[in-house]
1. At a threshold of 8 angstrom on Cα-Cα distance, excluding pairs fewer than six apart, so keeping six or more, what relative contact order does the range A:100-173 reach in percent?
2. How much area per residue is accessible in the protein assembly as shown when the probe is 1.4 Å and only protein heavy atoms are counted (Å²)?
3. Of A:Thr152, A:Val211, A:Ser280, which is farthest towards the positive pole of chain A's charge dipole, taken about the Cα centre with +1 and -1 on the beta-carbons of Lys, Arg and Asp, Glu respectively?
4. 5 Å is the cut-off here: which amide hydrogens, built 1.01 Å from N in the peptide plane, fall below it relative to A:Gly275, excluding neighbours closer than 5 in sequence?
5. Between A:Arg64 and A:Ser77, what is the label-to-label distance in nm when each label sits 7 Å out along the Cα-to-Cβ direction?
6. So how exposed is A:Leu101, as accessible area in Å² (1.4 Å probe, rounded to 10)?
7. Which percent, nearest 5, of DSSP beta bridges in chain B are antiparallel?
8. If I take every Cα pair under 8 Å that is 6 or more residues apart in the range B:8-153, average their sequence separation and divide by the length, what percent do I get for the relative contact order?
Amino acid sequence: MDATAATALSQKNLLGIADLSPEEIVLVLDTAEAMKEVGRRAIKKVPTLRGRTVVNLFFEPSTRTRTSFEIAEKRLSADTLNVAIGTSSVVKGETLVDTALNIEAMAPSMIVLRHVSSGACHLLSRICKAAIINAGDGMHEHPTQALLDAFTIRERKGRIGGLKVAIVGDLLHSRVLRSNLLLLSKLGAEPWVCGPATLIPPGLRNLGVRVTTKVDEAVEGADVVMMLRMQLERMQGGYFPSLREYFRTFGMTQERVARAKPDVIIMHPGPINRGVEIASEVVDGPYSVILDQVANGVAVRMAVLYLLAGGADDETVA
Amino acid sequence: MPVVMDADRISRAITRITHEIIERNHGVAGLGLVGVRSRGVPLARRIASLLAGVAGEEVPTGALDITLYRDDLMRAAVGPQPLVRKTEIPFSIDDRTIVLVDDVLYTGRTTRAALDALIDFGRPKAIQLVVLVDRGHRELPIKADYVGKNVPTARRESVQVRLQELDGVDEVVVEVGE
């Protein structure tokens, strides 16, 4: 075993990939491998988090991430509680704090938070005793998505360092992109990003990322192609002429996939918009690992929950 | 630092246990070996290769990590979580006699966790326990079926089993704790 390997996470929360060292990322991925085996058993449940309560607090719609966290929590025998709050009923600021304080009063061990505002998890982590796990905050980070992407890449390619990873799509509104770029550069991959000029945030080049508006250049010789969804719900105004034109210019088609390495894998964090950012036959193609990503999400989230659950609850509420 | 077993004694103990397993089970048909991580795994593999030599039949062998079943996980003050490693049992344990292999039997809590973990994999016909060293001080009603050596110890002492596969040397050492 590597002498420099991490044996624990140094923080109580998982707010973003930015806070993790490369060794900690590898620890999460290694732990997730053990967790994946639990999902292959006849009885897919271990008693590890018995007596712990995890609250899934989702201020934004989500199917995949919330389901995935809930299955992960249940497989570890935690008691889970889902609080789904429609975006319309929530105003930023005090309301979030008040909601959190009310939930905190019921002494959960962990809160899994998704919120429309960047930084919501940081805010909660300062006022809550419970460990906060970021399940996506605004346009900031989505750390468990990046971790499950990395897990899927490592599972397929045996490594992450040195791989050319092309990320194509709506770069401006993507928290998945931010978390992935941080993770990929920490583990020594060679990330390329590609999208319409209007959807390229300033400063990307400073992160050591190759930026292009030509999809063929991004995909050329890539080991991994990661597609991002057009986040129309976050767009006010015209960032590009039409979805049809977007597909013609940036959509992942079989012809474009052919420019990548023969053993390329195609990834997508979901939800997929067939015929917008990715052709239907690519989604269902042999190189697509999109459903592996979903399956791996459970194992990775089990690993995060386990690693953050260390130690006894220091306080019980009457 | 008294060495209570050297390479020779370890090897003879494992050979004897192998023969005891065959005698007690009237052969090796329907047996499966499961080593408890870390040092139970190389011990189980050694027994497997001896069984294959003596009985001329391969006995399926697996590795069990009991971390997720520990009873002290969430009780300690905030500290690092123990590393979880992979459990690999590449055969069905249903209706097999499972020979569970560990290096040291002490409080019995690891064995309790291993039994709980095994039951989640299926319903074995029976479970038997092999340990290289039984050092006493049981806290649970658990007893080994095959013992390499009984080593009377004090609680403040610790028993270190070192194996070629993981530590580069075969020996069992009793060390005095703090």
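1. Relative CO of the range A:100-173 lands at 24 percent.
2. That works out to 44 Å² for each residue.
3. The residue sitting farthest along the positive end of the dipole is A:Ser280.
4. A:Ser280
5. 3.1
6. It works out to around 80 Å².
7. 30
8. Rounded, it is 24 percent for the range B:8-153.
The values are calculated or read from the model by the stated rules, or taken from the named source; none is laboratory data. Keep in mind that what you see is a predicted model, and the values were worked out from it rather than measured. A quick note on method: Cβ atoms are made from the backbone with ideal geometry, for glycine too, and the neighbour counts reach across all protein chains shown. With ligands, DNA and RNA removed, areas are computed over all heavy atoms of the protein, side chains included. Shrake-Rupley method; radii C 1.70, N 1.55, O 1.52, S 1.80 Å.
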